[in-house]
Amino acid sequence: MTALIIILCIVAIPFVIALFTSKHFKVEREVVINKPKQEIFDYIKHLKNHDNFTVWAAMDPNMKKEYTGTDGTVGFSFIWASDHKQAGHGKQTITAIKEGEELDTEVHFLKPWDNIAHAYFKTELAEDSQTKVKWGIYNDVKYPMKVMRLFMNMDKMIGKDFDKGLAKLKEVMEK
C-alpha cells in the first residue's frame, strides 16, 4: 500500500507543478539581411516562398501541399501532409498583414498532435540597405498539456530550426 501511495505521488508531482507554470510560450529569432526592407517583406509575405528557407519543407520532398486563396493576402491557406514525423500535418493561414512590417499567421498542427499556434515575421530597418527579420511563434498551452513543457524546452526545439531557416532566408535573399 505504501509503495502504491509513493508511486501515485511521483506521478502526480508533475501535474501539480504544471498548475503553477506559465501557460504561455514564445520562441523568436532574428537575422540581419543585406537587402531593403520592402524587398524582404514582399518575399516573406508569400507562404509559397517559405518552401525556399524553412527546414520543415526540406525534410520531405514528397510532402503533399494544397493552397487556398491568393498568396500574400489575408485568408491565404497552406495545407501540408507529410509522413516525416517532424513535418507532420497541418494548415497555416495568413491572419493579418501590416504592409512592409509584419506578417501574422495561425498554424494549426494536426499531427503529430493537435495544437494551434501563432507565428509571425517582422521586418525592421537595420541600416541603410539592411533589414532585421524577426521570426517567432507563440501559444498558450492548456492544462494538462503544460506538463509536457516541464520536459521539453520549446526554445531549444524550435529555435534551432528558426536559426537554420533564417540563415537560409539570408542566403536566398542575398544571392
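The values are calculated or read from the model by the stated rules, or taken from the named source; none is laboratory data. Since we're looking at a predicted model, the values are computed, not measured. Cβ: placed from backbone, ideal geometry, glycine included. Neighbour counts: every protein chain shown.
Considering region 74-95 alone, what residues qualify as being in a loop (DSSP other than H, G, I, E, B), modelled with pLDDT of 95 or more and either farther than 21 Å from I116 by Cβ or in contact with a Leu (Cβ under 8 Å, 6 or more places away or on another chain) (or both)? Break it down into steps so the answer makes sense when it comes.
Quick first cut of region 74-95, residues in a loop (DSSP other than H, G, I, E, B) only: 74-76, 82-88.
If we keep only those that are modelled with pLDDT of 95 or more too, we end up with 74-76.
Scanning region 74-95 gives a single hit, F76.
Among the residues of region 112-119, is there at least one that is in a loop (DSSP other than H, G, I, E, B) and more than 16 Å from the chain's Cα centre (by Cα)?
Looking only at region 112-119, we keep the residues that are in a loop (DSSP other than H, G, I, E, B), and these are 112-114.
Remaining after also requiring more than 16 Å from the chain's Cα centre (by Cα): none.
No: region 112-119 contains no residue that is in a loop (DSSP other than H, G, I, E, B) and more than 16 Å from the chain's Cα centre (by Cα).
Of the set (1) under 20 Å from L166 (Cβ atoms); (2) surrounded by 16 or more Cβ atoms within 10 Å (Cβ to Cβ); (3) not basic (K, R), all apply to D51 but (2).
Residue pairs whose Cβ atoms lie under 7 Å apart, separated by 6 or more positions or on different chains, with the first residue in region 114-133 and under 22 Å from F25 (Cα atoms) and at pLDDT below 90 and the second surrounded by 12 or more Cβ atoms within 10 Å (Cβ to Cβ) and among the charged types (D, E, K, R), are I116/E106. A residue that is of a type in the set (S, T, N, Q), buried (at least 17 other Cβ atoms within 10 Å of the Cβ), more than 30 Å from Q38 (Cα to Cα) and in contact with an Asp or Glu (Cβ under 8 Å, 6 or more places away or on another chain) cannot be found anywhere in region 56-70.
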